[in-house]
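Some notes on the structure that comes next.
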Amino acid sequence: MERRSPDTESSGVDREMSGVELVEHCFLYMKENPTSTNTQLFCMLALLKAYVPESYLLMSECQRILGPPDPIHGGPPFEQRMEPFTNFIRKSSPNPGPKRVCMINQVSAQKAVEVMADSGIPRSDTVKNIMFSLCGDQAEPHVLQVIKDLLTKREMVEKRKEKFSRLVEDILKLESFNKALLVLEGASTKFSENAAFPQVVSRLYYIAKKPSDYVIAEEWAKEAIDRAPDISYIADTLGQVYKNRLLRLRKGPEEIIRLADEAFTAFEDVERKADKEEPLQMDTEGTAPIAATFNNRGLFGFLQVAKIAFEKLSDQQLKASLIQNRKKNVKAKFEFFEWYLTYSTPDETTLEPDYFWKDVALCYKHYTTEAAADSTSFPGLLDCLNQGLFGSRGKRAGFREEEKSGFDLEEFQRELKNDYEENVDDVQVAERYILSNIILSNRMPDSPQLASMEELQTILLRFLATERRHRSPEFYLLVLLLRLFGGSDSDLRQYVTFMKEAYERSSYAKYLRSRYLLPLFFLGEGSGLSKWIHKSRLDAIVEQTVEAELAGENNPTDLEKTRRIENMWRNGDVWQLPEIQNILRPVREEDIKELVCAGWWKENVEPEDPTLSATLIYLGFNIKGPAPFIVRVPHVNND
């Protein structure tokens, strides 16, 4: 028996009828009375609960659908008018607030929606009834929100969003394209200031229509932009229309260039708007705060268009002109994604889709002839030790990628040393040279080419003398790794503060907002340069552990391997591996009291749970500063 919350009223149904009989009775009633007001209301409640589980209608809205006479004017009570559906309906009275009505659970609602469709009451008709029965000149905010969720909210499936909302997907699959189109065009007309509905109509025309109608999709995309001219997520749809049309274009080279130029312009507009957006601006509907994330679709869409245009052009003269005109933009956007993907992920275990880096790297190769894997930029050097690992972005993109050998890293270090000696006043060249030594020490700690700690500290000190607190986050990362401050607590506190300020001052704080900052190095048991352990060494151990676990299973998939690796990080199992414990140096809070004094501990460590005790603290560094990794175990009760 269902346990009702204290604020939930009993429905007052006839308890003598069995559950099966009651269901059959309801379904028969629906088939025989599809247009009755109580059937219509029940269908609305079922649709809402099936697709937006947290939704509800107010009792006043239910009475409006049922029509007169209202109980307050002597009419029959709500429960009586809703027979035989009453047993499936729940009423609640939040305190304070008007009475709410909804289906009792999502399973019942989903079954009811299926029976509705079999009874000649399709989903498309019910959602139109909701729109036009409940939304007069001024719709209640909760009703407008639930309609937006029904028609525009796309679910995440296997780390990728569905193309449309679940309801729209079902209407397309179980009814027709035209039924979905009529619903969304109706919503767009009904809510004439809202940009989300014309945006979805545009997407219907270029994604769901067979064949795609890009001309009409473009018109609807522009209509959405007219309604929300400052929202980057709305502007992105026009770029996607042009990109998809270009991808399927079968006309000559001049048309390829023309359409590519339109797409470039559209995505540059997305990029400009995204740059101006603040975390608490509007969402894709232009009516509510968005999640505090930066919209990178303009940058990525530009690279995709550049890649598609390059690959479609067979006219070498036009291709050369394309490269000349777009090479600078491609390089700039490649550099953005290189540090964006090296320094952060969407969350602690989730990575961007595999195609993401594939398109970025291939486009860069097309326009520069250089391989992304051979980059010796600061983020490029940080990523080179990941290459060859199962989870590396190159492997996931499907590239043939080998582990960088010690010889490869020595060659990088040698080239960067020469570059530094020719440009001794260039701080970025100096940063890359210093980092190349730290990277090399992770692969070949005994390499004769490694510079001494003293030599590298001297280089940093020279630049610190001129711009003590106005360098990049990368610069202060190197300062902290090399312990330039000579053990002074005040210096350490100062440079931790400088690094945080540099991060906030740079574009990183803006573009990486709400993303998980990846640890780049961990404090290890070694000395000198070797004390800093690159995260790839931990990833390699985790990968080997998972491979050993899977060795006894029949044909494990890459997806299963990825899931196991993600779970080890998510659950903290990585810190229990002896191979990792042997290379990392645990610290105590008192060992890093200077960081505590700098406010770092309070900011980065959650309040202590009295049921847990911290047994190990591993110290890492991301692009913002120190990052603690705390292993807690339950207190042992000896009583």
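The values are calculated or read from the model by the stated rules, or taken from the named source; none is laboratory data. Note that this is a predicted model, so its numbers are computed, not measured. Cβ: placed from backbone, ideal geometry, glycine included. Neighbour counts: every protein chain shown. Surface areas here come from the heavy atoms of the whole protein model, side chains and all, with no ligands, DNA or RNA. Shrake-Rupley method; radii C 1.70, N 1.55, O 1.52, S 1.80 Å.
Out of 215, 183, report the one residue that is modelled with pLDDT of 95 or more, β-branched (Val, Ile, Thr) and over 23 Å from residue 269 (Cβ atoms).
Residue meeting the stated conditions: 183.
I'd like the full set of residues that are under 14 Å from residue 374 (Cα atoms) and surrounded by fewer than 16 Cβ atoms within 10 Å (Cβ to Cβ), limited to the stretch 412-433.
Of everything in the stretch 412-433, just one residue is under 14 Å from residue 374 (Cα atoms) and surrounded by fewer than 16 Cβ atoms within 10 Å (Cβ to Cβ), namely 415.
For the stretch 160-187, how many residues are in contact (Cβ under 8 Å) with a residue 40 or more places away in the chain, out of contact with any Lys or Arg (no Cβ under 9 Å at 6 or more places or on another chain) and small (Gly, Ala, Ser)?
Selection size over the stretch 160-187: 1.
Could you look through the stretch 448-475, keep only residues that are modelled with pLDDT of 95 or more and under 37 Å from the mean Cα position of the chain (by Cα), and pick out the one that is most open to solvent (accessible area, probe 1.4 Å)?
Checking each candidate, the answer is 472.
Which helices (runs of 4 or more DSSP H) does the stretch 553-639 wholly contain that include 3 or more residues that are of a type outside the set (Lys, Arg), at pLDDT 85 or above and out of contact with any Ser or Thr (no Cβ under 8 Å at 6 or more places or on another chain)?
Those helices (runs of 4 or more DSSP H) span 558-570, 578-583.
For the stretch 511-525, what are the residues that are modelled with pLDDT under 90 and not charged (D, E, K, R)?
514 - this is the single residue of the stretch 511-525 that is modelled with pLDDT under 90 and not charged (D, E, K, R).
Return the residues of the stretch 148-159 that are in contact (Cβ under 8 Å) with a residue 60 or more places away in the chain and either surrounded by fewer than 17 Cβ atoms within 10 Å (Cβ to Cβ) or among the hydroxyl-bearing types (Ser, Thr, Tyr) (or both); say none if nothing qualifies.
Matches in the stretch 148-159: 152, 159.
Determine the pairs where a residue that is at pLDDT below 90, located within the stretch 481-510, has a partner that is aromatic (Phe, Trp, Tyr) with Cβ atoms under 6 Å apart, the partner being 6 or more residues away or on another chain.
So the pair list comes out as 491/485; 492/485; 495/476; 496/600.
Which ones in the stretch 178-193 are open to solvent by 30 Å² or more (accessible area, probe 1.4 Å) and over 19 Å from residue 114 (Cα atoms)? Can you show your working first?
Residues of the stretch 178-193 open to solvent by 30 Å² or more (accessible area, probe 1.4 Å): 178-179, 182, 185, 189-190, 192-193.
If the condition is that a residue be open to solvent by 30 Å² or more (accessible area, probe 1.4 Å) and over 19 Å from residue 114 (Cα atoms), then 178, 182, 185, 189, 190, 192, 193 are the ones that fit.
Restricting the stretch 222-280 to residues that are free of Cβ contacts under 8 Å to residues at least 24 places away in the same chain and in a loop (DSSP other than H, G, I, E, B), which is surrounded by the fewest Cβ atoms within 10 Å (Cβ to Cβ)?
Going through the qualifying residues, I end up with 250.
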